[in-house]
Each structure stands twice: as structure tokens, then as C-alpha cells.
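The values are calculated or read from the model by the stated rules, or taken from the named source; none is laboratory data. Model, not experiment: these values are computed from the prediction. With ideal geometry, Cβ positions are generated from the backbone for all residues, glycine too; neighbour counts draw on all protein chains shown.
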Amino acid sequence: MSGASQPYWLVKEPVDTERLAKRRDAVVEASGIGDGGLVMDLGSGSGMWLLALASRFERVVAVELDGETRTRLAQMVAGRADLRDRVTVTGGSGESLAFADSMFDAVFCKNAFQYMNHLPAAREIHRVLKPGGRFFFNCNAAGYYLLQVALGLRHGSGGKVRFGLTCFFGTLLNQATGRRIVGQRFSSIGWATRVLERAGFDIVRAEPWIDHELFPLEWKGFLTHFAVLALKR
């Protein structure tokens with residue numbers, strides 16, 4: 001990639017919005033949940049997946065930890081007549097969900113699981129799902145953070161180099177000792193499926209997956225992103 005005006009993190013462009021929408025629809029379809037179900041968008045962020053879920057399901061609860069982001073989500077919902085009666089925006093984290101046991105038909109977690117303490121979050125998500133409920137998430141893998149280091153070196157961004165190295169080696173330390181020293185941690189398909197199985201899930205699908213084209217699926221032989229669909233036993 002060349003051109004100083006382009007964002008340093010952009011690997012491929014432009015983003016194919018039609019393809020993105022199809023990928024989201026495929027995930028919702030694969031969840032196997034009927035249109036009338038109650039679903040959670042955990043770690044809603046920009047609300048991109050919230051809109052996709054709200055177009056399909058009767059009731060959606062958006063859970064967002066960051067207060068400022070949560071306020072923007074609530075304003076977006078309030079400003080749309082097609083969302084007001086079906087979408088609820090609330091605070092919370094994956095490790096502590098203020099909902100009753102066996103309440104949700106499905107939980108979707110788009111690009112937020114890497115911020116969570118994996119096993120406690122998986123157990124909490126399992127708790128709030130109905131028997132037979134589905135949990136879908138996608139997550140950064142090791143290649144994503146190694147790619148950040150390479151892009152930071154290429155474009156002279158010391159911050160990105162530090163970010164990539166800290167997350168990469170911090171994850172290795174976390175997996176070896178249980179100590180959490182960084183906000184983001186990568187995972188792998190094997191690690192993630194073992195965590196979910198320990199939390200009581202059966203794995204339906206686990207594969208390399210990404211819903212945009214800003215990054216490749218692999219870098220130098222390292223997987224950058226993957227997704228898992230799991231079923232509550």
C-alpha cells in the first residue's frame with residue numbers, strides 16, 4: 001500500500017459493504033434462532049451489528065461497557081422509530097451480566113471478546129442463555145497483533161508497535177500464569193473452543209472468519225481473525 005494520505009492500518013480497500021451485509025446475515029441465519037427471539041448484542045460498540053440484529057429479531061438488548069459509547073447508541077436508537085420499541089441499551093460487561101438465568105435465545109459478540117476475561121465471560125454468557133441458546137463471537141488472533149507491529153514499523157508508529165507487542169506477549173503471559181496485564185488479548189481457535197467447552201458449551205462451528213476487508217485472514221502464516229458458534233447444552 002502506498003500513499004501518505006491513507007490510514008496506516010488500512011491493508012485492503014475499499015470495504016465491500018454489500019459483502020459485509022451478506023456475512024452478517026449469514027451469521028444470523030446460522031444461529032438458528034427464529035425472528036421472535038430475544039438476543040443480546042454484547043459489546044455493541046458502533047452499533048453496526050446492533051442494526052443488523054434489530055432488522056431480524058423482535059427484541060434486542062445492546063450491552064456496552066463504555067459510557068460515552070452507550071450514550072451514542074441510546075441516541076441512535078431513540079432517533080429511529082423502527083428501533084425504539086425493540087431495542088434496549090444498557091451497561092455491563094461480559095464478566096458480569098445483570099440478567100436472569102436462561103433469559104436469552106442468542107448472544108452475539110462482535111469484536112469484543114478479546115477485551116474480556118475469557119472463561120468468566122463464557123460462563124456468564126452460558127448462564128444467561130436458554131438451554132439450546134447460541135453464542136456467536138469473533139476474535140482477534142495472534143496474527144492481528146503481529147501485523148500491528150509490522151504496520152507500525154513500516155509507517156513509523158511507535159504506538160502501534162508497542163500495542164502489538166504488549167498484546168502479543170501479554171497474552172502469552174496471561175495464558176501461562178492467569179495474570180492479566182493488558183486490555184486486549186488474542187486467542188486461537190483451539191484456546192477459545194477449550195474455554196467454551198469448560199464453560200458448558202458445545203462447539204457448532206469454529207473457523208477463520210472476518211466480516212470486513214481491512215485486514216487479511218492470515219499474515220505470515222499467523223491467523224488474524226476467527227469466529228466461533230457455540231450451543232448451550
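Select, from THR69, THR90, the only residue that is closer than 16 Å to ARG59 by Cα and surrounded by fewer than 21 Cβ atoms within 10 Å (Cβ to Cβ). Walk me through it before giving the result.
On the way: THR69 fails: closer than 16 Å to ARG59 by Cα.
The unique qualifying residue is THR90.
What about PHE226, is it among the hydrophobic types (A, V, I, L, M, F, W, C), over 24 Å from LEU97 (Cβ atoms) and buried (at least 18 other Cβ atoms within 10 Å of the Cβ)?
Values: among the hydrophobic types (A, V, I, L, M, F, W, C): yes; over 24 Å from LEU97 (Cβ atoms): no; buried (at least 18 other Cβ atoms within 10 Å of the Cβ): yes.
It is false that PHE226 is among the hydrophobic types (A, V, I, L, M, F, W, C), over 24 Å from LEU97 (Cβ atoms) and buried (at least 18 other Cβ atoms within 10 Å of the Cβ).
Tell me, yes or no, whether segment 150-161 has at least one residue that is surrounded by fewer than 21 Cβ atoms within 10 Å (Cβ to Cβ), at pLDDT 90 or above, touching a strand residue (DSSP E or B) at 6+ places or on another chain (Cβ under 6 Å) and assigned to a helix (DSSP H, G or I).
No, the conditions are met nowhere in segment 150-161.
With the requirement that a residue be more than 15 Å from the chain's Cα centre (by Cα) and in a helix (DSSP H, G or I), what does segment 194-221 give you?
Selection gives ARG194, VAL195, GLU197, ARG198, ALA199.
Would you confirm, using the coordinates I've provided, whether ALA121 is within 19 Å of GLY34 (Cα to Cα), touching a residue at least 24 places away in the same chain (Cβ under 8 Å) and within 19 Å of the chain's Cα centre (by Cα)?
Spelling it out, it is not the case that ALA121 is within 19 Å of GLY34 (Cα to Cα), touching a residue at least 24 places away in the same chain (Cβ under 8 Å) and within 19 Å of the chain's Cα centre (by Cα).
Taking segment 112-135 as the region of interest, how many residues are over 18 Å from GLY190 (Cβ atoms) and either basic (Lys, Arg) or assigned to a strand (DSSP E or B) (or both)?
Counting residues in segment 112-135 that are over 18 Å from GLY190 (Cβ atoms) and either basic (Lys, Arg) or assigned to a strand (DSSP E or B) (or both) gives 8.
Please verify whether segment 68-79 includes one or more residues that are within 16 Å of the chain's Cα centre (by Cα) and free of Cβ contacts under 8 Å to residues at least 12 places away in the same chain.
The answer is no, given that none of the residues of segment 68-79 is within 16 Å of the chain's Cα centre (by Cα) and free of Cβ contacts under 8 Å to residues at least 12 places away in the same chain.
Do you know which residues across segment 24-71 are outside any helix (DSSP H, G or I) and polar (S, T, N, Q)? Give the derivation first.
Pass one, segment 24-71, residues outside any helix (DSSP H, G or I): 32-47, 55-66.
Matches in segment 24-71: SER44, SER46, SER55.
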